[in-house]
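**Student:** Take a look at the following structure, please.
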Amino acid sequence: MLVEELPLSVQLLGAVLPLRDLRPALPDAGWWHYGVNIWVGSIVVTAGILAPARLITADQSRLTVLLGYGGDQQIRQASRRWSCLEGGCLMLPGESFAARNSPLSLVAFQLEPDRLLHTAIAMAGLLECPDPWMALLQQPHAWTPYGTPLHETLRQEMVLADRLAGYGDGLMTRLQVDDRIYRLMAAMLLPEVREECPLDRLTQKHHKGRDTFDELIDYIRLNLSVPLSLTMLEEHSHYSRRALQYAFRERLGCTPTQWIRSQRLDLARQHLQHPCPGDTITSVAARCGYRSLSLFSVEFQQRFHVKPSHLLRESRSSLPPEAR
């Protein structure tokens with residue numbers, strides 16, 4: 001979208017950056033900005049091409065991530081200076097910063113520090129956050145242009161998010177793209193997260209009868225009505241990502257996401273076959289953890305080869321009038 005009015009650019013960029021000031025780099029210069037905002041689960045991403053400009057942000061609690069795709073942006077935060085060049089990546093803590101750029105192609109988004117730490121703890125299979133990790137999130141971090149495979153994977157996730165935006169929120173939620181972005185940032189920041197975790201603990205637990213995996217299954221069944229990401233499962237079970245995938249494959253023959261989807265659809269079928277007065281497709285979908293009614297309808301029909309509305313209507317037809 002081409003924006004030629006500065007207040008509209010402030011509104012668009014302000015969905016991600018807490019702007020205190022945005023103006024052209026030269027006082028008499030005209031203004032233009034190609035931009036778009038995309039919701040990637042819980043993350044708002046702004047992407048675009050910006051005319052030469054100067055901006056100042058306010059203090060905030062979140063972390064700002066900048067991915068350079070062209071041009072040059074010079075950033076000053078406290079007493080330090082940074083450049084975000086083509087192919088580079090920069091993560092800034094919540095302190096106010098000032099920036100000046102040439103014509104610039106950029107992607108920007110923000111992360112919640114607590115969620116990033118919880119993600120890292122779960123990925124590393126730890127019980128609590130190491131003290132140095134908290135300090136790391138209070139510091140800026142820069143990655144050289146096209147420096148690491150993780151950096152490039154993060155860029156690929158941005159491309160994926162852009163391509164999926166046309167399908168609506170349902171598919172983006174189902175693929176947990178925001179969770180993958182948090183995982184990638186945790187791995188880029190913390191070497192401990194990148195280390196391989198042994199599966200000895202999991203193997204030993206298999207010989208003890210009821211183990212952590214059984215407790216995790218109980219937890220999932222009790223929480224089918226709420227969002228369940230891989231990071232949440234890792235945090236609850238203290239399994240690493242690799243151990244969690246291994247456990248589901250060995251014990252249930254599928255991935256965690258596939259098993260949760262199956263359980264939700266089975267639960268929805270039970271509700272639709274035995275409806276309570278006032279039940280609707282929307283209320284049943286929400287009770288089974290679906291935030292997108294269209295996604296629920298598609299997945300239910302793919303699984304059971306019948307529309308949920310048809311099943312609910314058929315089930316109600318066999319009830320006495322006072323129970324419908």
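**Student:** Can you tell me how many residues within the range 17-45 are basic (Lys, Arg) and under 20 Å from residue 161 (Cβ atoms)? Spell out how you get there, then give the answer.
**Tutor:** Going residue by residue through the range 17-45, those that are basic (Lys, Arg) are 20, 23.
After this cut, where a residue has to be under 20 Å from residue 161 (Cβ atoms) as well, the list is none.
Summing the residues that are basic (Lys, Arg) and under 20 Å from residue 161 (Cβ atoms) in the range 17-45 gives 0.
**Student:** Can you pull out the helices (runs of 4 or more DSSP H) entirely within the range 113-179 that have at least 2 residues that are within 22 Å of residue 216 (Cα to Cα)? Please lay out each step first, then the result.
**Tutor:** Details: elements: 113-124, 131-136, 149-164, 169-175.
Per the criteria, 113-124, 169-175.
**Student:** Looking only at residues that are buried (at least 21 other Cβ atoms within 10 Å of the Cβ) and in a loop (DSSP other than H, G, I, E, B) in the range 60-101, which one is farthest from the chain's Cα centre (by Cα)?
**Tutor:** So, considering only residues that are buried (at least 21 other Cβ atoms within 10 Å of the Cβ) and in a loop (DSSP other than H, G, I, E, B), the one farthest from the chain's Cα centre (by Cα) is 97.
**Student:** Would you say residue 120 is at pLDDT 90 or above and small (Gly, Ala, Ser)? Steps first, answer last, please.
**Tutor:** Details: at pLDDT 90 or above: no; small (Gly, Ala, Ser): yes.
Answer is no for this residue.
**Student:** Quick test of your reading of the structure: residue 28 fulfils all but one of (1) surrounded by fewer than 16 Cβ atoms within 10 Å (Cβ to Cβ); (2) within 29 Å of residue 184 (Cα to Cα). Name the failing condition by number.
**Tutor:** Of the numbered conditions (1) surrounded by fewer than 16 Cβ atoms within 10 Å (Cβ to Cβ); (2) within 29 Å of residue 184 (Cα to Cα), the odd one out for residue 28 is (2).
**Student:** What is the residue count in the range 102-112 for residues that are exposed (fewer than 15 other Cβ atoms within 10 Å of the Cβ) and part of a strand (DSSP E or B)?
**Tutor:** Our first condition is that a residue be exposed (fewer than 15 other Cβ atoms within 10 Å of the Cβ); within the range 102-112, this holds for 102-103.
So of that shortlist, the ones also part of a strand (DSSP E or B) come out as none.
Counting residues in the range 102-112 that are exposed (fewer than 15 other Cβ atoms within 10 Å of the Cβ) and part of a strand (DSSP E or B) gives 0.
**Student:** List the number of the failed condition for residue 221; all other conditions in (1) at pLDDT below 90; (2) not in a helix (DSSP H, G or I) hold.
**Tutor:** All conditions are met except number (2).
**Student:** Would you call residue 230 outside the structural domain of residue 290 (by TED's automatic domain parsing) and closer than 28 Å to residue 282 by Cβ?
**Tutor:** Numbers: outside the structural domain of residue 290 (by TED's automatic domain parsing): yes; closer than 28 Å to residue 282 by Cβ: yes.
For residue 230, the condition - outside the structural domain of residue 290 (by TED's automatic domain parsing) and closer than 28 Å to residue 282 by Cβ - is met.
**Student:** Out of the residues in the range 161-178 that are buried (at least 16 other Cβ atoms within 10 Å of the Cβ) and without any contact (Cβ under 8 Å) to a residue 24 or more places away in the chain, state the one that is farthest from residue 44 (Cα to Cα).
**Tutor:** 175
**Student:** Oh, and also: Checking the conditions here, which among 299, 322 is modelled with pLDDT under 90 and either in contact with a strand residue (DSSP E or B) (Cβ under 8 Å, 6 or more places away or on another chain) or among the charged types (D, E, K, R) (or both)? Explain how you work it out, then say what you get.
**Tutor:** On the way: 299 fails: modelled with pLDDT under 90.
So the residue among 299, 322 that is modelled with pLDDT under 90 and either in contact with a strand residue (DSSP E or B) (Cβ under 8 Å, 6 or more places away or on another chain) or among the charged types (D, E, K, R) (or both) is 322.
The values are calculated or read from the model by the stated rules, or taken from the named source; none is laboratory data. Remember, it's a predicted structure, so these values are computed and weren't measured experimentally. Note: ideal-geometry Cβ built from the backbone for every residue, glycine included; neighbour counts use all protein chains shown.
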